[in-house]
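The structure appears below as structure tokens.
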Amino acid sequence: MALYTLPVGMLEVNCYVLSCERTGEAIVIDPGDEAAAILALLARHELKLARILATHAHFDHLLAVRALQEATGAPFQLHPADRSLVAALRSTCLAWLGYDPGDLPAIDGELTPGETVQVGDLALEVRHTPGHSPGGVTLVDHAHRRAFTGDALFAGSIGRTDLPGGSLATLLQGIRREILSLPGDYAVLPGHGEPSTVSDERRMNPYLNDSAW
């Protein structure tokens with residue numbers, strides 16, 4: 001299995017493309033913009049896009065979803081608590097970036113905590129990590145010992161909680177319960193910035209209390 005990381009858009013969202021070598025299928029996580037670059041990567045590696053997943057529904061993580069759906073027919077899934085953020089995508093993007101991104105993506109399915117998204121040999125466990133947004137999730141790839149944490153947990157930081165639906169207490173609780181409970185060698189692959197590990201975040205993240213570990 002291969003993993004490709006594309007920083008996309010004005011806010012440099014980490015878009016992740018995971019591929020199954022056996023079936024040639026792919027999962028795209030957080031296609032925040034630059035649909036042409038994502039499609040070019042898929043074509044270059046002869047991959048068929050099977051699922052589009054969002055760790056949460058802030059506009060900067062979704063701007064390429066509609067174009068990917070139209071080009072590939074792949075279904076788009078997110079946690080249902082973030083549906084209202086999808087509905088507000090056009091106005092939010094206009095307020096933040098100064099332009100209207102056009103038609104909204106269609107929501108084809110939900111990411112349900114405790115379930116596993118399976119595409120070929122790829123398997124991602126869905127863990128609910130709200131607080132940055134109500135429907136924030138972390139997608140855990142146990143086979144390759146890594147967690148796609150979206151904007152819940154960054155290297156040395158955490159997601160902001162001053163946006164509508166945010167809660168610092170909820171975010172910290174979810175990080176400790178759903179991410180820091182993973183083995184220390186699991187990679188932390190965030191929505192922005194550089195990767196880290198669970199053990200490094202337990203020890204060095206100033207927002208997290210290490211005493212319980």
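The values are calculated or read from the model by the stated rules, or taken from the named source; none is laboratory data. None of these values were measured; they are calculated from a predicted model. Methodologically, a virtual Cβ is constructed for each residue, glycine included, from the backbone with ideal geometry; neighbour enumeration extends over all protein chains shown. The accessibility values were calculated without ligands, DNA or RNA, using every heavy atom of the protein model including side chains. Shrake-Rupley method; radii C 1.70, N 1.55, O 1.52, S 1.80 Å.
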Check your understanding: Once you treat every alpha carbon in the chain as an equal point and sum by Debye, what is log10 I(q)/I(0) at q = 0.07, 0.13, 0.15, 0.17 Å⁻¹?
Key -> -0.19, -0.67, -0.90, -1.16
Study note, to complete from the structure: Net charge (Lys, Arg +1; Asp, Glu -1) of residues whose beta-carbon lies under 11 Å from that of Gly109, Gly109 excluded, is -2
Practice item. Lys and Arg at +1, Asp and Glu at -1: add these up for the other residues within a Cβ distance under 13 Å of Ser157 and post the number. Key: -3
Review point. Ignoring ligands and nucleic acids, what accessible area does Thr161 show with a 1.4 Å probe (Å², nearest 10)?
Key: 40
Check your understanding: Got a sec to turn the phi values of region 46-53 into Karplus ³J(HN,Hα) couplings, 6.51 cos²θ - 1.76 cosθ + 1.60 with θ = phi - 60°, whole Hz, x for Gly and Pro?
Key -> 6, 10, 9, 6, 9, 8, 10, 10
Review point. Can you run phi through the Karplus equation (6.51, -1.76, 1.60; θ = phi - 60°) for region 160-171 and list ³J(HN,Hα) in whole Hz, with x for Gly and Pro?
Key: 5, 10, 9, 8, x, x, x, 7, 5, 4, 5, 5
Review point. Which of the trypsin sites (Lys or Arg not before Pro) found in region 146-192 are loop residues per DSSP with 13 or fewer other Cβ atoms within 10 Å of their Cβ?
Key: Arg160
Practice item. Can you run the Rg to Rh ratio on region 52-134? Use alpha carbon positions and the Kirkwood inverse-distance Rh. Key: 0.98
Review point. How high is the relative contact order of region 83-192, in percent, with contacts defined as C-alpha pairs under 8 Å that are six or more residues apart?
Key: 21
Check your understanding: Residue by residue through region 15-26, which ³J(HN,Hα) values in whole Hz follow from phi under the Karplus form 6.51 cos²θ - 1.76 cosθ + 1.60 (θ = phi - 60°), with glycine and proline marked x?
Key -> 8, 10, 10, 10, 10, 9, 5, 5, 9, x, 8, 9
Exercise for review: Go ahead and estimate [θ] at 222 nm for the chain from helices alone: -39,500 (n - 2.57) per DSSP H run with n ≥ 4, summed, over the residue count, rounded to 500.
Suggested key: -5500 deg cm²/dmol
Practice item. Give, rounded to the nearest 20 debye, the magnitude of the charge dipole that region 1-118 has about its Cα centre when Lys and Arg contribute +1 at Cβ and Asp and Glu contribute -1 at Cβ. Key: 120
Practice item. Using a Gaussian network model of the chain whose springs link C-alpha atoms within less than 10 Å, name the residue from Leu104, Leu153, Leu94 with the highest mean-square fluctuation. Key: Leu94
Practice item. Would you mind telling me the share, in percent, of accessible area of the chain contributed by carbon and sulfur at probe 1.4 angstrom? Key: 51
Practice item. Identify, among His61, Gly191, Pro134, the residue whose Cα sits farthest towards the positive end of the charge dipole of the chain, taking +1 on the Cβ of Lys and Arg and -1 on the Cβ of Asp and Glu, with the dipole about the Cα centre. Key: Pro134
Exercise for review: Return the single residue from His144, His58, His128 with maximal mean-square fluctuation; model: Gaussian network over the chain, springs between Cα atoms under 10 Å.
Suggested key: His144
Exercise for review: Run the dipole for the chain about the Cα centre, Lys and Arg Cβ at +1, Asp and Glu Cβ at -1, nothing else charged, and hand back the magnitude in debye, nearest 20.
Suggested key: 300
Practice item. Leaving ligands, DNA and RNA out of it, work out the accessible area of Glu178 with a 1.4 Å probe and give it in Å² to the nearest 10. Key: 40
Check your understanding: If you roll a 1.4 Å probe over the heavy atoms of the protein chains, what accessible area per residue do you get for region 1-159, in Å²?
Key -> 39
Practice item. List the relative contact order of the chain as a percent without decimals, with contacts defined as Cα pairs under 8 Å and 6+ residues apart. Key: 15
